[in-house]
């Protein structure tokens with residue numbers, strides 16, 4: 001069975017709050033991500049001091065290799081994340097358990113379930 005690729009929210013703090021050296025390197029050399037680490041999307045704060053970058057890989061060690069290419073210009077925080085849909089799937093059994101324990105379980109024909 002193939003390993004599932006993990007998603008990682010990478011928060012990049014531009015050293016000195018200066019985005020110019022970061023964008024210069026990106027323009028000259030590209031993302032510098034190793035094979036197996038994929039860029040998904042990114043957002044930059046309005047002050048141009050931080051970037052929130054979503055990356056995907058099945059080998060978290062590749063994040064360290066990539067970060068090493070930028071650590072002179074950027075301080076990093078890395079958070080493993082899941083999609084909202086996956087969060088709903090993961091939490092659903094706990095919601096049902098909580099509803100049963102509190103006596104608020106929804107019946108199958110309850111309009112609140114959207115199945116009536």
(request) Scan 71, 84, 38, 42 and give me the residue that is on the phi < 0 side of the Ramachandran plot and more than 16 Å from the chain's Cα centre (by Cα). (result) 71
(request) Collect the residues in the stretch 72-114 that are in contact with a helix residue (DSSP H, G or I) (Cβ under 9 Å, 6 or more places away or on another chain), assigned to a loop (DSSP other than H, G, I, E, B) and at pLDDT 75 or above, keeping them in residue-number order. (result) 72, 73, 82
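Residues checked against (1) touching a strand residue (DSSP E or B) at 6+ places or on another chain (Cβ under 8 Å); (2) touching a residue at least 12 places away in the same chain (Cβ under 8 Å):
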site: 4; (1), (2): no, yes
site: 7; (1), (2): yes, yes
site: 13; (1), (2): yes, yes
site: 24; (1), (2): no, no
site: 28; (1), (2): no, no
site: 40; (1), (2): yes, yes
(message) Restricting to the stretch 72-94, name every residue that is over 20 Å from residue 41 (Cα atoms) and loosely packed, with under 10 Cβ neighbours inside 10 Å.
(response) 72, 93, 94
(request) Would you point out which residue out of 53, 69 is surrounded by 14 or more Cβ atoms within 10 Å (Cβ to Cβ) and closer than 22 Å to residue 83 by Cα? (result) 53
(request) State the number of residues belonging to the stretch 22-43 that are crowded, with 16+ Cβ neighbours inside 10 Å and farther than 16 Å from residue 65 by Cα. (result) 2
(request) Tell me which residues, restricted to the stretch 33-71, are farther than 14 Å from residue 19 by Cα and in contact with a helix residue (DSSP H, G or I) (Cβ under 9 Å, 6 or more places away or on another chain). (result) 33, 34, 35, 36, 37, 55, 57, 69
(request) Output the residues belonging to the stretch 42-55 that are in contact with a strand residue (DSSP E or B) (Cβ under 6 Å, 6 or more places away or on another chain) and either at pLDDT below 95 or part of a loop (DSSP other than H, G, I, E, B) (or both). (result) 49
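The values are calculated or read from the model by the stated rules, or taken from the named source; none is laboratory data. All figures in this text were calculated on a predicted structure; none of them were measured in a lab. Cβ sites come from the backbone with ideal geometry, for glycine too, and all protein chains shown count toward neighbours.
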